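Encoded as structure tokens, the structure appears first; notes follow it.
The values are calculated or read from the model by the stated rules, or taken from the named source; none is laboratory data. Note that the structure is predicted; figures quoted are calculated from it, not measured. Methodologically, a virtual Cβ is constructed for each residue, glycine included, from the backbone with ideal geometry; neighbour enumeration extends over all protein chains shown. Just so you know, the surface numbers come from the protein's heavy atoms only, side chains and all, with ligands and any DNA or RNA stripped out. Shrake-Rupley method; radii C 1.70, N 1.55, O 1.52, S 1.80 Å.
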Amino acid sequence: MDKMKINQYVSFSNIIQGFWRAKDWQWTPQQLNRYLNELVERGITTMDHADIYGSYSCEGIFGEALKLSPQLRDQIEIVTKCGIILPSNPFHESSGHRYDHSKEHIIQSVDRSLQNLQVEQLDSLLIHRPSPLMDPNEVTEAIKALVKQGKVKSFGVSNFNKSEYDLLSKCLVCDKLHITLNQLEVSPYTLDAIENGTINHMYKDDVKIMSWSPMAGGKLFNLEDEKSARIMAVLSPLAQKYNVTSNGIIIAWLNKHPASLMPVLGTHKIERIDEAINGLKVSLTDQEWFDIYTASLGHDIP
Ligand SMILES: NC(=O)c1ccc[n+]([C@@H]2O[C@H](COP(=O)([O-])OP(=O)(O)OC[C@H]3O[C@@H](n4cnc5c(N)ncnc54)[C@H](OP(=O)(O)O)[C@@H]3O)[C@@H](O)[C@H]2O)c1
């Protein structure tokens, strides 16, 4: 599988595996280890995490599985996120649900993630969500320290719109740091980042896009959902035409975007991973791409 260059130190696989749901899989470390090996055999080497996934448990589950094949560490790229405090957090005395983008929290969170993942370094750290209280100077100080300590090889954001990105980016650049990634919700079901110009803004600055929930978290396959039914009515014949599954067509649709969106898959079924990989070989026509787009919009383009 082709790789996408993120910066001079890091490249990602064009399809990424996410671990948000890893607690629900209820796998033993051996089972997860086997899945990791199967992913890497297929060229899927980039693994997406967040400190809070599985109520702060998924990084640890992953770390235990990785420990069983230490040689895998050099073959994969690990992304994690920080900045959200959940009421279930075991580290803060004050409970509640909020964002914390202070230097102290970012650094502590990275240290815990490294410990849980049982690795020395993150290939990428993302700020999970923008906060109305974000002080870009504090974030910059934290990232500067983490890069200097060799704990973080690249830095990015998630769910940031244009102005939130601009605010942080301007501050980071003064310290010769860059936002290299923005992880956004993008799928044939969820077009907001395409419609509101966020993706164009990132493309202009060569910021790479990771598209989370590319299958809309499974909602696209629920035909009781009217919008999904509309989209699926277009996807299914295309799947037949190109001899792939609907999952494959969704990947082909994302892959056709000029900004080269990297889907972050949430499946735990290796056959669905193969279906996604097969989708990379499909070149949809412009008309086919627009047919899916307008099925999602629910009306024709002007
Ligand atoms: N930055 C953020 O704010 C943010 C937010 C959410 C997620 N994420 C990242 O994005 C990753 C992926 O999110 P996601 O899990 O929502 O991704 P997704 O790939 O859109 O959805 C995965 C879900 O869809 C199901 N599915 C896939 N193909 C299917 C099919 N043909 N029929 C029925 N069900 C199907 C999967 O079930 P099976 O496992 O049974 O295949 C799984 O439950 C997360 O793990 C996380 O890393 C980031």
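Structure notes:
- Residue within the stretch 285-298 that is within 24 Å of Leu36 (Cβ to Cβ) and free of Cβ contacts under 8 Å to residues at least 40 places away in the same chain present: no
- Given (1) outside any loop (DSSP other than H, G, I, E, B); (2) open to solvent by less than 10 Å² (accessible area, probe 1.4 Å); (3) in contact (Cβ under 8 Å) with a residue 40 or more places away in the chain; (4) not charged (D, E, K, R), number of the condition Leu172 does not satisfy: (3)
- Any chance Asn116 is free of Cβ contacts under 8 Å to residues at least 40 places away in the same chain and of a type outside the set (Gly, Ala, Ser): no
- Residue within the stretch 159-169 that is open to solvent by less than 10 Å² (accessible area, probe 1.4 Å) and of a type in the set (S, T, N, Q) present: no
- Output for the stretch 254-284, where each listed residue is assigned to a loop (DSSP other than H, G, I, E, B) and more than 23 Å from Leu36 (Cβ to Cβ): Lys256, His257, Pro258, Ala259, Ser260, Leu261, Lys281, Val282, Ser283, Leu284
- Taking the criterion of being of a type in the set (A, V, I, L, M, F, W, C), in contact with a strand residue (DSSP E or B) (Cβ under 9 Å, 6 or more places away or on another chain) and either over 19 Å from Lys5 (Cα atoms) or part of a loop (DSSP other than H, G, I, E, B) (or both), the residues of the stretch 175-213 that qualify are Leu177, Ile179, Val186, Ala193, Val207.
- Some residue of the stretch 214-236 being within 15 Å of the ligand (Cβ to nearest atom), under 26 Å from Ser13 (Cα atoms), under 14 Å from the mean Cα position of the chain (by Cα) and not in a helix (DSSP H, G or I): yes
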